[in-house]
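Peer 1: Here it is, the structure in full.
The values are calculated or read from the model by the stated rules, or taken from the named source; none is laboratory data. Everything numeric here is computed off the predicted structure, so don't read it as measured data. Heads up, the Cβs are rebuilt from the backbone with ideal geometry, glycines too, and the neighbour counts pull from every protein chain shown.
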């Protein structure tokens, strides 16, 4: 009899464990956690499949290259925002630093071209001016935030207005700045490989016998802009994952008080973070100049900074700080870019893109709150 009772208890325990296993939520399993952690990547793959089946011309190497090329500025701004968000801050000025760098670089090139300087000097001096000036907003943001304890939202919004005003002054309102050398446009929109099927393969420039009006007959592969994207993503990812600077960045976002007690110079680090953020925004604006051939005020008013924040959050970063991955940010940028591209090819109004971004942003925050330990 005792042995039967013992066996009965064992059966009850087995039934209890089975019941608990059945009741265990899907997202508590290893597979479920991976799905939740990489939901943006899963959604990107799903969108690609849906648009490929419903939109003629979407699933094409030319279209995919266009998506990457046209998203270069978004990638750079999102990486800049990732660094700031990991520390628990936000930088609302990056979109206007973007516009400032574009307009200033074009203005300098315009003036130097009129002065008769060699093209190489014009391009180099214009690029240097744009990049150097783009460091200043971030440095000032860092000083105001660390020395005067102004919230990052307010400090960077103030710089948002300053950069906006300076850009309007340089561009005489909303007028695009013309006069930059034509070579920059060829570099910004160039490819590594130019293939004339059955005839020739050229590197970094089209075959001389092909006129500009007939360039579409060539197969063009690997846009130059992809180099810039890959370099920035790989370098910043390495810094965050493999260096003391990266560990300190995460530590500050996790707990600023703990970072101070552990000996990290928090103020100096935050100044560096905001300066790097502004620098990357300046590089993005300079690339916009190379891409379009003109100093364009428009990007500074296009809510690029908000889209950058959206890409960062969709990519898994937390606005409370301490979490974020460059790879996740890259996926977030692609989600927004593919969504916009797919809707355009389908003929859907661009206004719906903002609805989609809003929905994705809410989903990202819900997942972050529901699964705080996943990322």
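Peer 1: Return yes or no: is residue 88 touching a residue at least 60 places away in the same chain (Cβ under 8 Å), under 20 Å from residue 276 (Cα atoms), in contact with a helix residue (DSSP H, G or I) (Cβ under 7 Å, 6 or more places away or on another chain) and surrounded by fewer than 24 Cβ atoms within 10 Å (Cβ to Cβ)?
Peer 2: yes
Peer 1: Determine the pairs where a residue that is touching a residue at least 24 places away in the same chain (Cβ under 8 Å) and on the phi < 0 side of the Ramachandran plot, located within the stretch 179-204, has a partner that is crowded, with 16+ Cβ neighbours inside 10 Å and assigned to a strand (DSSP E or B) with Cβ atoms under 6 Å apart, the partner being 6 or more residues away or on another chain.
Peer 2: 191/220; 191/223; 194/202; 194/220
Peer 1: Mind listing whichever residues of the stretch 204-237 are in a helix (DSSP H, G or I) and in contact with a helix residue (DSSP H, G or I) (Cβ under 8 Å, 6 or more places away or on another chain)?
Peer 2: Matches in the stretch 204-237: 224, 225, 226, 228, 229, 232, 233, 236, 237.
Peer 1: Would you check if residue 135 is under 30 Å from residue 268 (Cβ atoms) and at pLDDT 95 or above? Walk me through how you get there before you give the answer.
Peer 2: Values: under 30 Å from residue 268 (Cβ atoms): yes; at pLDDT 95 or above: yes.
Yes.
Peer 1: Shifting gears a bit: Can you tell me how many residues in the stretch 295-312 are surrounded by fewer than 21 Cβ atoms within 10 Å (Cβ to Cβ) and not in a helix (DSSP H, G or I)?
Peer 2: Summing the residues that are surrounded by fewer than 21 Cβ atoms within 10 Å (Cβ to Cβ) and not in a helix (DSSP H, G or I) in the stretch 295-312 gives 2.
Peer 1: Considering the stretch 313-342 alone, what residues qualify as being over 14 Å from residue 44 (Cα atoms) and in a helix (DSSP H, G or I)?
Peer 2: 313, 326
Peer 1: Given the structure, is residue 133 surrounded by 15 or more Cβ atoms within 10 Å (Cβ to Cβ) and either in contact (Cβ under 8 Å) with a residue 60 or more places away in the chain or within 26 Å of the chain's Cα centre (by Cα) (or both)?
Peer 2: yes
Peer 1: If you don't mind, there's one more thing I want to ask. How many residues does the stretch 350-366 contain that are in contact with a helix residue (DSSP H, G or I) (Cβ under 8 Å, 6 or more places away or on another chain) and at pLDDT 80 or above?
Peer 2: Just the residues of the stretch 350-366 that are in contact with a helix residue (DSSP H, G or I) (Cβ under 8 Å, 6 or more places away or on another chain), to begin with: 350, 352-353, 356-357, 360-361, 363-365.
If we keep only those that are at pLDDT 80 or above as well, we get 352, 356-357, 360-361, 363-365.
Residues that pass the stated criteria total 8.
Peer 1: Out of the residues in the stretch 259-271 meeting the condition of being in a helix (DSSP H, G or I) and out of contact with any helix residue (DSSP H, G or I) (no Cβ under 7 Å at 6 or more places or on another chain), tell me which one is surrounded by the fewest Cβ atoms within 10 Å (Cβ to Cβ).
Peer 2: Only one residue fits best here, namely 261.
Peer 1: Pick out, from the stretch 35-153, the helices (runs of 4 or more DSSP H) lying fully within it that include 2 or more residues that are farther than 30 Å from residue 217 by Cβ.
Peer 2: Numbers: elements: 39-54, 61-70, 72-86, 94-115, 119-147.
Fully inside the stretch 35-153 and qualifying: 39-54, 72-86, 94-115, 119-147.
Peer 1: Is it the case that some residue within the stretch 274-287 is at pLDDT below 95, part of a helix (DSSP H, G or I), farther than 30 Å from residue 120 by Cβ and touching a helix residue (DSSP H, G or I) at 6+ places or on another chain (Cβ under 8 Å)?
Peer 2: Checked against the condition, which is being at pLDDT below 95, part of a helix (DSSP H, G or I), farther than 30 Å from residue 120 by Cβ and touching a helix residue (DSSP H, G or I) at 6+ places or on another chain (Cβ under 8 Å), the stretch 274-287 yields no hits at all.
Peer 1: Also, quick follow-up: Which of the residues spanning the stretch 238-250 are without any contact (Cβ under 8 Å) to a residue 40 or more places away in the chain and either surrounded by 11 or more Cβ atoms within 10 Å (Cβ to Cβ) or in contact with a helix residue (DSSP H, G or I) (Cβ under 8 Å, 6 or more places away or on another chain) (or both)?
Peer 2: The first filter runs over the stretch 238-250 and keeps only residues without any contact (Cβ under 8 Å) to a residue 40 or more places away in the chain, leaving 238-239, 241-248.
Within the stretch 238-250, 238, 239, 241, 243, 245, 246, 247, 248 meet the criteria.
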